[in-house]
Protein chains: 2
Amino acid sequence: MKIELLRYEQLANDLEELIVSGALRPGDRLPSIRRLSEDRRLSVSTVVQALRQLEERGLVEAKPQSGFLVRRASPPRPTPSPRATPENAMPVDVTQRLMRVLQMGLQPGMVPLALAFPCRSLMVEGALQRLYSGVARRYPKLLESGSCVSTNESALVRQLMLRSMSWGGPLAEDEIIITNSCTEAIALSLRAVTKHGDTVAVESPGYYLMLQFLESLGLNALEIPTDPRTGASIDALELATRQGQVAACLLVSNASNPLGSIMPDENKRRLARLAAERGFTVIEDDVYGDFHFGERRPWPIKAFDTSGNVILCASFSKSLSPSLRIGFVAAGKHKAKLSLYKTMSSGGTNPITQTVLAEYLASGAYERQIRNLRRTYSRQVNAMHDAVSKYFPADTRLGYPQGGFVLWVELPEEIDTSLLYERAIAEGVPFIPGELFSPSRMYRNCLRLNCGNPHSPEIDEAVRKLGRLIDRSAQRFTL
Amino acid sequence: MKIELLRYEQLANDLEELIVSGALRPGDRLPSIRRLSEDRRLSVSTVVQALRQLEERGLVEAKPQSGFLVRRASPPRPTPSPRATPENAMPVDVTQRLMRVLQMGLQPGMVPLALAFPCRSLMVEGALQRLYSGVARRYPKLLESGSCVSTNESALVRQLMLRSMSWGGPLAEDEIIITNSCTEAIALSLRAVTKHGDTVAVESPGYYLMLQFLESLGLNALEIPTDPRTGASIDALELATRQGQVAACLLVSNASNPLGSIMPDENKRRLARLAAERGFTVIEDDVYGDFHFGERRPWPIKAFDTSGNVILCASFSKSLSPSLRIGFVAAGKHKAKLSLYKTMSSGGTNPITQTVLAEYLASGAYERQIRNLRRTYSRQVNAMHDAVSKYFPADTRLGYPQGGFVLWVELPEEIDTSLLYERAIAEGVPFIPGELFSPSRMYRNCLRLNCGNPHSPEIDEAVRKLGRLIDRSAQRFTL
């Protein structure tokens, strides 16, 4: 499981870390080649190789007489405009439209700009699979430890508790339930704390899967205005929960989807306090929390919870492998009910797979993997930001992702991305149309792009194509 | 994976097969020792050892001058009395009571008469676990084949199609979805074909997990009278579905739980036709179908389905291991919607575990395993039947299980098994009280016993204790 980096790669990564974290800012000069060579005890040619790699990654540029400077990104774009969300909660009806979109857009041969999946080569599936073989041999009775009813493998629970130390933990052992994915964790949480007809507050724009959950459970959605930088508005949540008409609040507080916003600690603290005072539940999806672009791992709302009203859901589908199918929920005071729902939803969780994940986490490889992914996702999002800035209309507004690997794009008012979508599909360049991120179908002039893949010439060309289609749509409109 | 039987065990098993299947009936004489020895080319002492084992299993008895006779079971008991079920559908409210029962009754040290679990030593978890190691090594890219969205491993789908040949298959490849258990398969099916407030027809008495599903989805239950021998009444279903007010019918047509009834083919055909004509869905749990006591594998209702209105759910939790967590659903015309719900419930299903199961099924070991389990479960159910006949009041009525491994017991009218339960727990002998098998809390004088374990002296003693507690309850009542 050891990742052997070449020396120049190591140096390039270290410098990238400094740039991504903001320690080195656009326009800053990198240390000189001689300086780097001396300080790091590397040959000059190794340092040069590292700097060339940084150039290729689009992070630095060579300036005659000045050495290497941190590249100025394309001029920052205005973020999406603030919008008024509907005053009342409403039923959700997104699934049919989503299915149509996916059926059209997930044909083979499409450029992978639609679903938020990381490139498979970034996953560590080989390492996990090798662990399967070893785990199965080393613990010959493991399968006998599982059950038809909800069961945790204690080795995995210990690792989750340890990992939570990096964001305000430890989680309490007795509130953790291992699930078959983060998806299952969220679905169970919603079922445990709501009943048919209840209202759930969601981010607007917010992840369509969350809306699908609400739809399938007969819950109403109340859209909460969500800032591209700071996430869901706490003032709006404060107002919405005054009369006790909101049963739960479902959000992605760290690197929200699609905006990539991170809620400031103070807002998280306020929300946790509100939930405690007013007796509603916060269900938080922290699946992107490890992929922050800033220096510090943002804490989840759970870290500020003292009442047990906050439920944290997460998994390793975006960091290790989407096919492992292991997630978890830290259920706070809802543990007993969630545990029952887990048993009714799928029984226990396979103990061998749980142990494989536990061993991977215990090996220390996870830290290296997310450090690598943070760098990679940040680079890919930046490259996408640059490409969109270059190819899309001048008055395009862009999300300000502080983590994750999607980019939210707001086009001129007159563009309807659901119509655009059909033309885009015909050219093999799908995306997710904006209307799917809101039950009231706001955001018809927005779209989401996946940045989970290296910014290849093919992807750059796809963004260019999209830009041209948008131009043509805009012209048609003005004629 | 090869199970090497000693010669005498093989002979004992073959004779047991003849007895269990009814080819040899109570009172019939077994072939003589000399005859068996000659025909099977075994030593006399091996044959004697086999006959002794059959004696120990309670299947034959030695009669002076007559050799070995198939043992007459205790005189057959009358089956539970037919009851009128409530005319109208009603909401379900079973979970709270069930949780109380399980919390009290699942402490360590209790005799395992409550939950319907087979004894762990009957499972083949060692063999499965060895396969994990081999599968992970032999298919190094397997984990990369999985996904965040619902995915089948084709090797497993092929095996399921092949196996379905033994009961009227093949299933169609494109209607199968691999799930994380039979539980998940049923939960998804219900969610896909009903909406909040709908009515679902269930067996009465019927499995409490089914009732819990209904409760958690806000569905109403309509109890269908269920015959101890022939299962749910088709006449009642015919009547109930006349006005289109039943959205789905949820049942265990082969070895129902708790009665152990098997619906005759003609009834299955009628029900499939009704569903097609009237447009409701039949959701069928066939998890016990392989554990029939008769000679022939009973077909599921699915085998009679020509319209796609029948959904079949099953798994290998009762035959191979409860901790594998793999089930499947053959979704008929509801495939697309179920597939979507699967994605929303837990995403895909781990490809390594799917392949482990596929390899086990392909090895042929499964056939040996279920042949062995059929014999074992039948023997254990018979032993429980005998013990209850011996220790319980004379007017006790008993289910007539034709498969599976539970026994339904109807006590005299005045006994309330929910009250009895608390006294039974105090003596360490839990069961499942009858009222949990009906939303209207009928069956308060009934209880269900698990026969998943060998009928040890400890279990015999537990049944005796239960019998005494019942006697005492009856006396208290008559005083």
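Per-residue answers, yes or no, for (1) within 17 Å of the chain's Cα centre (by Cα); (2) within 21 Å of B:PRO112 (Cα to Cα); (3) not in a helix (DSSP H, G or I):
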| site | (1), (2), (3) |
| --- | --- |
| B:LYS342 | no, no, no |
| B:SER345 | no, no, no |
| B:GLU367 | no, no, no |
| B:ASP386 | no, yes, no |
| B:LEU407 | yes, yes, yes |
Let me confirm something: among B:LEU312, B:LEU259, B:LEU274, B:LEU320, which residue is in contact (Cβ under 8 Å) with a residue 40 or more places away in the chain, outside the structural domain of B:CYS451 (by TED's automatic domain parsing) and farther than 25 Å from B:VAL406 by Cα? B:LEU274
Residues that are in contact with a strand residue (DSSP E or B) (Cβ under 8 Å, 6 or more places away or on another chain), assigned by TED's automatic domain parsing to the domain that holds B:LYS318 and under 22 Å from B:SER256 (Cα atoms): which strands (runs of 3 or more DSSP E) entirely in region B:167-228 hold 2 or more of them? B:199-204, B:220-227
Region A:217-234, subset over 23 Å from the mean Cα position of the chain (by Cα) and either under 30 Å from A:SER378 (Cα atoms) or modelled with pLDDT under 95 (or both), residue surrounded by the fewest Cβ atoms within 10 Å (Cβ to Cβ): A:GLY218
Where residues in region A:326-338 are part of a helix (DSSP H, G or I) and facing another protein chain (nearest Cβ under 10 Å), which of them is nearest to B:THR95 (Cα to Cα)? A:LYS337
Any idea which residue in region B:120-149 is surrounded by the fewest Cβ atoms within 10 Å (Cβ to Cβ), counting only those that are polar (S, T, N, Q) and under 14 Å from A:ARG120 (Cβ atoms)? B:SER145
Report whether or not A:SER473 is in a helix (DSSP H, G or I) and among the small types (Gly, Ala, Ser). yes
Checked region A:305-324 for anything at the interface with chain B (Cβ under 7 Å from one of its Cβ atoms) and either more than 30 Å from A:SER121 (Cβ to Cβ) or touching a helix residue (DSSP H, G or I) at 6+ places or on another chain (Cβ under 7 Å) (or both); matches are A:SER317, A:SER321, A:SER323, A:LEU324
Checked region A:170-184 for anything crowded, with 18+ Cβ neighbours inside 10 Å and either within 18 Å of A:SER317 (Cβ to Cβ) or of a type outside the set (Asp, Glu) (or both); matches are A:LEU171, A:ILE176, A:ILE177, A:ILE178, A:THR179, A:ASN180, A:SER181, A:CYS182, A:THR183, A:GLU184
How many of the residues making up region B:281-340 are surrounded by fewer than 23 Cβ atoms within 10 Å (Cβ to Cβ) and among the basic types (Lys, Arg)? 5
Among the residues that make up region B:61-79, is at least one of them closer than 30 Å to B:THR241 by Cβ, touching a strand residue (DSSP E or B) at 6+ places or on another chain (Cβ under 7 Å), away from every other protein chain (no Cβ under 11 Å) and at pLDDT below 90? yes
Does region B:368-380 contain at least one residue that is more than 30 Å from B:PRO258 (Cα to Cα), β-branched (Val, Ile, Thr) and touching a residue at least 60 places away in the same chain (Cβ under 8 Å)? no
Tell me, yes or no, whether region B:284-304 has at least one residue that is part of a loop (DSSP other than H, G, I, E, B), under 12 Å from the mean Cα position of the chain (by Cα), within 17 Å of B:GLN354 (Cβ to Cβ) and within 14 Å of chain A (Cβ to nearest Cβ). no
I need a count of the residues in region A:414-468 that are of a type outside the set (D, E, K, R) and assigned to a loop (DSSP other than H, G, I, E, B). 17
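Residue-by-condition table, conditions (1) touching a helix residue (DSSP H, G or I) at 6+ places or on another chain (Cβ under 6 Å); (2) buried (at least 22 other Cβ atoms within 10 Å of the Cβ); (3) not basic (Lys, Arg):
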site: A:MET110; (1), (2), (3): no, no, yes
site: A:ALA114; (1), (2), (3): yes, yes, yes
site: A:GLN159; (1), (2), (3): yes, no, yes
site: A:ALA187; (1), (2), (3): yes, yes, yes
Just to be sure before I move on: is A:LEU357 assigned to a helix (DSSP H, G or I) and at the interface with chain B (Cβ under 9 Å from one of its Cβ atoms) in the structure I sent? no
On the given criteria, is B:THR355 touching a Leu at 6+ places or on another chain (Cβ under 7 Å), among the β-branched types (Val, Ile, Thr) and under 22 Å from A:PRO351 (Cβ atoms)? yes
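The values are calculated or read from the model by the stated rules, or taken from the named source; none is laboratory data. As the structure is a prediction and not an experimental result, all values here were calculated from the model. Don't worry about glycine lacking a Cβ; one is built from the backbone with ideal geometry, like all the others, and counts go over all protein chains shown.
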